[in-house]
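*Asks:* Pasting a structure here, questions to come.
Taken together, the values in this text are just the output of simple stated rules run on the coordinates, not laboratory data. Only a predicted model underlies this, so the values are computations on that prediction, with no experimental measurement involved. We place every Cβ from the backbone using ideal geometry, glycine too, and count neighbours over all the protein chains shown.
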Amino acid sequence: MTSLETTAAFILSKAKQPPKVAVVLGSGLGNLSSMMRVDCEIPYTEIPGFVSSTAVGHAGKLLLGDVSGIPCAVMSGRFHLYEGYSAAQVAYPIYALAKAGVEKLILTNAAGAVNTQFAPGDLMLIEDHINLMGVSPIVDEYCQQMGIRFVDMSKAYTPALLQKAAQVGREMGILLRRGVYTMFLGPQFETPAEIRMVRLLGGDAVGMSTVPETIAASHCRLQVLGISCMTNMAAGILDQSITHEEVLETGKRVEDKMMKLLHTLIPLL
């Protein structure tokens, strides 16, 4: 098995400067990479320890460069459990980037809105999450290098970063909702009954990613900011079907708003 040191050394050998901020781009948000000055572009298949990204709307490459002078690593696409990968494989890039010196992690995703006050195209700052995937990434041998497995998740999404993002949103005139993200395994969309359950549990949005990466980041003591793009209303709220095409289309529609937010926010973190 590839060691974290090997992967981190490979990434650092390609970077002009060690990355301090990492960004993971979700479904339909791949063009956000245009916000950065790219020094190096590496397909995941060439990075030791990484697996292949097979999901539609995920480019599957790591971009190294900077955003407004801040050294960044941007994952254009991520890995999912529904692709057949373990939670540990999905989270491996976060451990490797932490080993390479990343201190702050921004996670973006496409999500279904459970909160009926939300609308497609809204952005939501993740305040907390509910893990319904039934597994944790802190199970593989490489995780033991990061310390004790029993990780505190009470402030998994860093309050200071949430406050800074909310402030930037207000100053830019961008509406930023706040709420709880709930992860299902996927790849099928949730049923109306499952959405009613999520609402009872206190969830505001649903998706199929982000939680393994957040758990890994907490294990690595990274500061985390999570931003969900509401690409559709969750099942049963509207009398219409949900399609992946709708998810990708809405993601592209709000890319410009997300890109402006991140481009302004990253230098302030």
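*Asks:* Which shape class applies to the range 135-234: rounded if a/c is under 1.5, otherwise prolate when a/b exceeds b/c and oblate if not, where a ≥ b ≥ c are the square roots of the Cα gyration tensor eigenvalues?
*Replies:* It is oblate, given that a/c is not under 1.5 and a/b is not larger than b/c.
*Asks:* Below 8 Å, C-alpha to C-alpha, sequence gap of six or more: please give me the relative contact order for the chain in percent.
*Replies:* Averaging sequence separation for qualifying contacts and normalising by length gives 26 percent for the chain.
*Asks:* I need the trypsin sites (Lys or Arg not before Pro) found in the range 87-193, filtered to DSSP loop residues with at most 16 other beta carbons within 10 Å of theirs.
*Replies:* Those that pass, being in a loop and sparsely packed, are Arg149, Lys155.
*Asks:* Let me ask another. Give me the one-decimal nm value for the distance between modelled label points at Ser154 and Leu185, 7 Å along each residue's Cα-to-Cβ direction.
*Replies:* In this crude spin-label approximation the distance works out to 3.2 nm.
*Asks:* Taking a 27 Å limit on the Cα-Cα distance, which of the listed pairs Lys16/Lys155; Lys14/Lys257; Lys14/Lys104; Lys164/Lys257 fall beyond it?
*Replies:* Among Lys16/Lys155; Lys14/Lys257; Lys14/Lys104; Lys164/Lys257, the Cα-Cα distance tops 27 Å for Lys16/Lys155; Lys14/Lys257.
*Asks:* Pop the C-beta distance of Leu201 and Lys252 into the FRET formula with R0 = 22 Å and round what comes out to the nearest 0.05.
*Replies:* About 0.10, to the nearest 0.05.
*Asks:* Excluding same-chain residues fewer than 8 positions from Lys252, which lysines have a Cα within less than 22 Å of its Cα?
*Replies:* Cross-link targets: Lys61, Lys260.
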